[in-house]
Amino acid sequence: MSLSNVKQILADMYAQGERDFRSFGGQLREADLSGLNLEESILSGLDLTGTDFTHANLRKVNLTGSKLKNADLACVQAERADMRFCFLANANLSSANLSDSRLEPSVFTEAIYNPKTQFPEGFDPIKKGLVRAAPVPRTSSVPSVASVPSVTANTDDTHSVLLDGELSKTEESVLSDLESKGADSPSAKSVGHEQPAPNASDEFPQKQSQQSKAAPPRRKISFRGRWVEI
């Protein structure tokens with residue numbers, strides 16, 4: 001029997017009044033039975049390894065002695081089901097409703113459950129070997145942005161900013177790195193020092209090139225207590 005149509009075959013048989021499906025043997029292994037209505041059916045002794053029962057109706061179903069290893073029973077409705085002597089290792093019982101069901105004795109080694117899973121009164125999932133599903137971690141949607149290390153004054157640090165106006169070793173290393181990339185770039189302002197205002201030659205390079213042949217600008221220096229123009 002092909003697994004692609006077994007779900008429809010079961011649905012048709014159930015609609016015609018059939019409730020005993022033990023003749024399927026291992027043919028339901030890894031079958032997709034999600035959302036199927038099998039209320040009050042007999043599935044005892046079947047190999048249901050890896051079968052998908054998500055959102056299925058298994059109310060009052062007889063599953064005694066069935067093998068449900070790795071089966072997906074998430075969100076299944078299995079109130080008052082008989083699941084004694086079942087092998088449910090690694091099964092997914094997340095959000096399953098198993099209230100008033102008969103679950104013992106059965107094997108639940110590393111079966112998964114979550115806060116929405118409903119067990120019969122007095123059933124302790126931890127003692128039975130079930131594992132609570134871990135919450136999904138929240139990831140930050142804001143990417144980390146690398147920034148230029150800030151320079152702060154620290155009187156106890158030999159690399160702190162000097163009070164007489166000299167640059168600390170940290171500032172010198174940052175500035176030298178920025179100068180190698182171009183001191184006029186916008187990133188040069190990120191170290192916290194104001195850049196000198198551009199002169200006329202910076203704003204009008206063409207005008208400067210036209211006056212390059214003219215006499216160089218004169219300036220004054222202090223020489224023996226007097227200002228001398230050179």
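Key figures for this structure:
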{"read-out": "Relative contact order (percent, whole number), region 10-144, Cα cutoff 8 Å, 6+ residue spacing", "value": "15 percent"}
{"read-out": "Cβ crowding within 10 Å averaged over residues, with 22-34, 44-56, 108-120 ranked highest first", "value": "44-56, 108-120, 22-34"}
{"read-out": "Accessible surface of region 1-116 [probe 1.4 Å, protein heavy atoms]: carbon and sulfur percent", "value": "44 percent"}
{"read-out": "Segment Asn37-Asp124, extension gain: residue separation times 0.36 nm, minus the distance between their alpha carbons", "value": "28.5 nm"}
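The values are calculated or read from the model by the stated rules, or taken from the named source; none is laboratory data. All of these numbers come straight from a predicted model, not from anything done at the bench. Cβ: placed from backbone, ideal geometry, glycine included. Neighbour counts: every protein chain shown. Quick note on the areas: whole protein, heavy atoms, side chains included, nothing else; ligands and nucleic acids left out. Shrake-Rupley method; radii C 1.70, N 1.55, O 1.52, S 1.80 Å.
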